[in-house]
């Protein structure tokens with residue numbers, strides 16, 4: 001009996017001690033949590049600071065551009081874009097080119113077949129033969145009327161017949177040339193039902209709208225060719241910003257769908273007419289046009305620099321956006337263990353050349369040290 005009572009006493013003592021230890025542990029955790037909440041610090045050890053190559057710095061002042069925000073596209077001048085049509089209707093006989101193929105000015109693009117081409121060449125040959133006789137008769141009548149050997153009426157008839165035939169001959173000859181059929185070849189007796197269409201410019205094929213056997217009329221766009229040797233910006237600026245624009249102003253632009261890189265251009269021309277959507281066209285020339293790999297039609301986000309102003313700033317790596325707010329980490333304490341930072345809210349303006357301007361920074365002074373890089377990971381983990 002005594003043994004049983006002794007065991008029960010021992011169990012009770014152990015349970016009491018475990019309860020006390022658990023209470024002390026919870027109390028310690030509560031104290032730690034309370035201290036962290038009160039201090040509201042972010043701690044970075046010396047090792048973490050050095051390994052992450054973090055750096056401290058002060059607020060600075062620098063010049064920021066004041067810009068007009070706009071959008072537009074990459075484009076080429078009208079003379080660098082060509083739509084290929086047929087002078088006369090017909091059926092596509094050959095179309096060897098594909099989208100992306102490079103072509104030279106004067107290179108054969110497609111061939112068109114039409115029986116009317118044969119009729120046109122036959123008419124030209126007939127008129128060409130008649131013209132030789134009518135010219136000879138006109139010259140003979142001209143000489144005879146000068147010597148009063150023939151009547152004025154006969155001379156006028158010969159003159160009219162010759163000039164009419166000559167006009168028809170010239171018209172048919174021009175039509176053959178427009179079809180790229182050589183009149184000299186036709187005069188030599190070479191008649192063909194096929195006409196070749198040649199490239200009007202050097203460039204690359206951007207559209208192919210036909211296949212072999214397709215019937216095309218003069219209104220049909222067969223191919224489209226674009227020469228990318230000279231590209232430019234075509235921007236649309238709202239009416240409210242027009243008075244701020246001048247020729248020669250700097251343009252910073254991005255191709256948001258392709259990269260985050262910023263490119264440079266310059267305002268070259270400013271439109272003189274307001275579009276239906278209350279915007280005006282602005283034409284910009286690229287700084288390094290030959291090095292760019294842009295394509296016509298690319299969407300552009302641009303900022304036209306109209307003037308500049310000084311503002312307080314931090315490197316953009318020091319400013320962290322969290323939802324709709326922006327924060328920086330201000331150093332509050334440094335000891336042998338590491339660095340303690342407070343998360344301070346700021347309001348930002350523009351970002352330029354890796355620096356972000358501040359429009360509101362109430363809790364930051366010139367002497368305060370700010371974490372210049374590495375803040376994002378620290379704030380994101382909070």
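Here are some notes:
- Residues that are buried (at least 16 other Cβ atoms within 10 Å of the Cβ) and in a loop (DSSP other than H, G, I, E, B) within region 226-255 comprise 227, 228, 231, 245, 249, 255, listed in sequence order.
- Subset of region 108-147 [touching a strand residue (DSSP E or B) at 6+ places or on another chain (Cβ under 7 Å) and closer than 12 Å to residue 186 by Cα]: 117
- Filtering region 318-339 to residues that are touching a residue at least 60 places away in the same chain (Cβ under 8 Å) and surrounded by fewer than 18 Cβ atoms within 10 Å (Cβ to Cβ) leaves 331, 332, 333, 336, 337, 338.
- If you check 89, 72 for being surrounded by 14 or more Cβ atoms within 10 Å (Cβ to Cβ), within 30 Å of residue 306 (Cα to Cα) and in contact (Cβ under 8 Å) with a residue 24 or more places away in the chain, only one passes: 72.
- Checked against the criterion of being exposed (fewer than 12 other Cβ atoms within 10 Å of the Cβ) and under 17 Å from residue 223 (Cβ atoms), the candidates 98, 109 yield just one match: 98.
- Close pairs (9 angstrom Cβ cut-off, 6 or more residues apart or separate chains): free of Cβ contacts under 8 Å to residues at least 60 places away in the same chain in region 204-227, surrounded by 18 or more Cβ atoms within 10 Å (Cβ to Cβ) and assigned to a strand (DSSP E or B) anywhere: 209/216; 209/223
- Filtered residue count, region 344-358, keeping only those that are assigned to a strand (DSSP E or B), surrounded by fewer than 18 Cβ atoms within 10 Å (Cβ to Cβ) and touching a residue at least 24 places away in the same chain (Cβ under 8 Å): 3
- Checking region 360-378 against the condition returns a match, with at least one residue being in contact with a helix residue (DSSP H, G or I) (Cβ under 9 Å, 6 or more places away or on another chain) and closer than 24 Å to residue 256 by Cβ.
- Qualifying residue in region 278-285 (condition: modelled with pLDDT of 90 or more, over 15 Å from the mean Cα position of the chain (by Cα) and in a loop (DSSP other than H, G, I, E, B)): yes
The values are calculated or read from the model by the stated rules, or taken from the named source; none is laboratory data. These numbers come from a predicted model, not from an experiment. For neighbour counting, all protein chains shown are included, and Cβ atoms are generated from backbone atoms with ideal geometry for every residue, glycine included.
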